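Engineer: Take this structure, written in structure tokens, and hold onto it; I'll ask about it next.
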Amino acid sequence: MKIFSQKLTFCLLGIFLLLSACNSQQYIEPLSPKTQTNSEAESYFNKGNAKRDIGDYKGAIIDYDKAIELNPNYVEAYTNRGVAKDDIGDFKGAITDYDKAIELDPNCMFAYNNRGSAEYELGDHNSAIADYNKAIGLNPNYAEAYSNRGAVKYALGG
């Protein structure tokens, strides 16, 4: 009798789960166009990161461009596109991207740090130090910004 009771319980449980799954379909909403667009933007962003990791900086920039086209407020895409532009020596273009990232998120310490590095490459040492200071102000534990600021001060003889 106990085996029959267990089989009946499992059978009823299976039917319940099957019916629940069938009924749940009406509650699943399709992705909104905005959610789908952001998902596509994230996909291009990730592709850009992968390309940048293997040294395909121009390919990465193309993917970041597409991510930004799909989501014009994508701070990380602007920041990473700036890094890719740094990698190919387009420091002015990189600064433009870091400026936009900072406009969208004034607390983006990475954008300040990276903009400081691009400014340093262009010989604008005072602006570089100011940006490293801003990055450190946003995160007093940001070792890379301290290191970069120290390198600029050393280059200036101080």
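Engineer: Looking at Asn141, Asn73 in this structure, which one is without any contact (Cβ under 8 Å) to a residue 12 or more places away in the chain and either outside any helix (DSSP H, G or I) or in contact with a Cys (Cβ under 7 Å, 6 or more places away or on another chain) (or both)?
Structural biologist: Asn141
Engineer: Is it the case that some residue within segment 97-104 is in a loop (DSSP other than H, G, I, E, B), surrounded by fewer than 21 Cβ atoms within 10 Å (Cβ to Cβ) and either among the hydrophobic types (A, V, I, L, M, F, W, C) or not assigned by TED's automatic domain parsing to the domain that holds Tyr64 (or both)? Can you show your working first?
Structural biologist: In the first step, residues of segment 97-104 are kept if they are in a loop (DSSP other than H, G, I, E, B); the result is none.
No, every residue in segment 97-104 fails to be in a loop (DSSP other than H, G, I, E, B), surrounded by fewer than 21 Cβ atoms within 10 Å (Cβ to Cβ) and either among the hydrophobic types (A, V, I, L, M, F, W, C) or not assigned by TED's automatic domain parsing to the domain that holds Tyr64 (or both).
Engineer: Where residues in segment 44-67 are among the acidic types (Asp, Glu) and surrounded by fewer than 19 Cβ atoms within 10 Å (Cβ to Cβ), which of them is farthest from the chain's Cα centre (by Cα)?
Structural biologist: Checking each candidate, the answer is Asp56.
The values are calculated or read from the model by the stated rules, or taken from the named source; none is laboratory data. Bear in mind that the values here come from a model prediction, so they are computed numbers and not experimental data. All Cβ positions, glycine included, derive from the backbone under ideal geometry; neighbour counts span all protein chains shown.
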